[in-house]
1. Percent of accessible area on the chain owned by carbon and sulfur, 1.4 Å probe?
2. For the chain, what is the accessible area per residue in Å² when the probe is 1.4 Å?
3. Students often get this wrong, so try it: which of (i) 0.97; (ii) 1.98; (iii) 1.02 is Rg/Rh (Cα atoms, Kirkwood Rh) as calculated from the structure shown?
4. Note down the nm distance, to one decimal, between modelled labels 7 Å out along Cα→Cβ at residue 221 and at residue 143.
5. Given a Förster distance of 30 Å, report the FRET efficiency between residue 1 and residue 52 from their Cβ-Cβ distance, rounded to the nearest 0.05.
6. Separation between the residue 207 and residue 27 pseudo-spin-labels, each 7 Å from Cα along Cα→Cβ, expressed in nm?
7. Percent relative contact order of the chain, based on C-alpha pairs within less than 8 angstrom and at least six residues apart?
8. Quick one, could you list the DSSP H helices from the chain stretching 24 Å or more along their long axis (Cα atoms) with average Kyte-Doolittle hydropathy of -1.0 or above?
Amino acid sequence: MGNKLSVLAGDFLLSRACVALASLKNTEVVSLLAKVVEHLVTGETMQMTTTSDQRYSMEHYMQKTYYKTASLISNSCKAIAILAGQTAEVAMLAFDYRKNVGLAFQLIDDVLDFTGTSASLGKGSLSDICHGIVTAPMLFAMEEFPQLRAIVDEGFENPKNIDLALEYLGKSRGIQRTRELAVKHANLAAAAIDSLPQNDDEEVKKSRRALIDLTHRVITRTK
């Protein structure tokens with residue numbers, strides 16, 4: 001249908017979502033979801049306008065990842081807890097759970113962009129690196145091999161640069177350290193569920209086990 005009509009359709013869907021949100025008549029939840037829209041735009045802007053130093057900053061990368069990937073679902077989970085009449089502490093645990101699951105998911109996504117389902121380096125889609133997007137595995141690899149930065153700066157229109165970058169990545173612990181960071185966030189998510197108030201209802205226990213199981217699925221997925 002073309003870009004213009006597609007963007008207008010997206011605007012329409014967003015406006016309908018805002019109408020539904022307003023009908024809840026809960027100002028705290030409206031504020032939370034308005035913040036999500038701000039974060040989504042901020043995350044995209046960060047990616048498009050990043051400076052050279054920011055491009056190679058893990059802190060900047062994780063902040064951008066939160067805005068683009070984790071904010072929507074984490075704030076939505078917090079909103080659900082608020083609408084259910086839960087305490088502020090429980091609402092924050094819901095937020096922490098989904099924030100960390102979201103970050104873990106994105107970090108594994110970064111790994112799979114290089115490894116794919118074959119689990120052998122360089123067999124993934126390489127979509128991020130081909131678009132000049134520097135993700136966690138490369139950032140970690142640069143800490144071990146600073147010379148990799150010059151290759152990334154040069155760009156990847158030349159296939160030889162892709163091969164060189166993958167060679168450095170293969171010699172580094174970039175993939176391993178990214179997985180370790182994903183596991184750390186998955187464990188933080190599971191800890192948030194374990195910190196919820198005790199409840200002996202079997203259905204509640206079953207649901208909590210499922211949420212913890214999700215943290216394992218996120219870090220063991222292959223696609």
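1. 57 percent
2. So the chain comes to 58 Å² accessible per residue, rounded to a whole number.
3. Recomputing Rg/Rh (Cα atoms, Kirkwood Rh) here picks out (iii).
4. 2.5 nm
5. E between residue 1 and residue 52, to the nearest 0.05, is 0.20.
6. 2.9 nm
7. Relative contact order here is 19 percent.
8. Membrane-span-like by this criterion, though nothing is claimed about a membrane: 3-22, 27-49, 88-115, 174-194, 202-220.
The values are calculated or read from the model by the stated rules, or taken from the named source; none is laboratory data. What you see is a predicted model, and the numbers here were worked out from it, not measured in a lab. Because the Cβ atoms are built from the backbone with ideal geometry, glycine has one as well, and the counts that use them run over all protein chains shown. These accessible areas exclude ligands, DNA and RNA; they are computed on the full protein's heavy atoms, side chains included. Shrake-Rupley method; radii C 1.70, N 1.55, O 1.52, S 1.80 Å.
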